[in-house]
1. Name the residue that is surrounded by the most Cβ atoms within 10 Å (Cβ to Cβ), counting only residues in the stretch 28-37 that are in contact with a helix residue (DSSP H, G or I) (Cβ under 9 Å, 6 or more places away or on another chain) and at pLDDT 90 or above.
2. Filter the stretch 2-43 for residues that are over 24 Å from residue 97 (Cα atoms), part of a loop (DSSP other than H, G, I, E, B) and not polar (S, T, N, Q) and give the result.
3. Kindly provide the set of residues from the stretch 70-107 that are more than 18 Å from the chain's Cα centre (by Cα), modelled with pLDDT under 95 and assigned to a loop (DSSP other than H, G, I, E, B), ordered by number.
4. Can you name every one of the strands (runs of 3 or more DSSP E) wholly within the stretch 146-201 that holds 1 or more residues which are touching a residue at least 60 places away in the same chain (Cβ under 8 Å), under 21 Å from residue 109 (Cα atoms) and within 14 Å of the chain's Cα centre (by Cα)?
5. Residue pairs, Cβ under 6 Å, 6 or more apart or interchain, first in the stretch 39-64 and free of Cβ contacts under 8 Å to residues at least 40 places away in the same chain, second in a loop (DSSP other than H, G, I, E, B). List them.
6. Based on this model, can you work out whether residue 139 counts as in contact with a helix residue (DSSP H, G or I) (Cβ under 6 Å, 6 or more places away or on another chain) and either surrounded by fewer than 14 Cβ atoms within 10 Å (Cβ to Cβ) or in contact (Cβ under 8 Å) with a residue 40 or more places away in the chain (or both)?
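The values are calculated or read from the model by the stated rules, or taken from the named source; none is laboratory data. No experiment lies behind these values; they were computed from the predicted model shown. Every residue, glycine among them, receives a Cβ derived from its backbone with ideal geometry; neighbour counts consider all protein chains shown.
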Amino acid sequence: MNSGPTKDYISYWAGKMNNRGHATTFGRGSTEQDKRIIEASVLAEWVRSASSELSLNITDAALLQNDPPDAKATVNGLHKTIELTELVDGDFIADVKRSRNKGKHRSAFSVRDFSRVQWDRERFFTELNNLISKKDKKYSAQEVPIDILIVYSDEPWLTPEEVSIWMQPNKKPRLTSIGTVHVLLTYSPGYREYWPIFSMD
């Protein structure tokens, strides 16, 4: 009988999350296997959220062996290609690790760093649109059309309540290789029973 994840498995992932030090839900090792475990988790949460919040009929969602695209799914009866990418403050993660090597503590919840890790509408759209445009340029060069780009984030101060306000209107930048953009935030207690999701059409 399968009794669930082993203690070693849980300890491994807890260690990777703690080691990242920021936006820890997506902390992982450098192996392809770790990457695919995170992507599979995000894809599964996207199916739940998009089905519930966006009223999409999604079946056969699965990761692909060769990317891009990262995944595929049948959405409302149509085959769709899917790419996954994370919106995260990589510079802050680097600072956390550098400080840790010097025996110092940095955190999105500390007085020292609280202001730095806040999000407002301007920062959100600047970083989001830069990320989307960068991905679009990459796929255009590779001549790979992407039907749905899922931008997922575990930024602790990027709240669904604020994002829902900022996303009105929710137009994406002009793109050539990306159809729809879905912004997927990690679970927020009291907001929904699934991960918050927002669509940019």
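1. Looking only at the stretch 28-37, we keep the residues that are in contact with a helix residue (DSSP H, G or I) (Cβ under 9 Å, 6 or more places away or on another chain), and these are 28-29, 34, 37.
Those left that are additionally at pLDDT 90 or above: 28, 34, 37.
Working: 28: 19, 34: 15, 37: 15.
Only one residue tops the list, namely 28.
2. 4, 5 - these are the residues of the stretch 2-43 that are over 24 Å from residue 97 (Cα atoms), part of a loop (DSSP other than H, G, I, E, B) and not polar (S, T, N, Q).
3. 102, 103, 104, 105, 106, 107
4. Those strands (runs of 3 or more DSSP E) span 146-153.
5. Close Cβ pairs (under 6 Å, with a partner that is in a loop (DSSP other than H, G, I, E, B)) amount to 57/76.
6. Taking the combined requirement at face value, the residue does not satisfy it.
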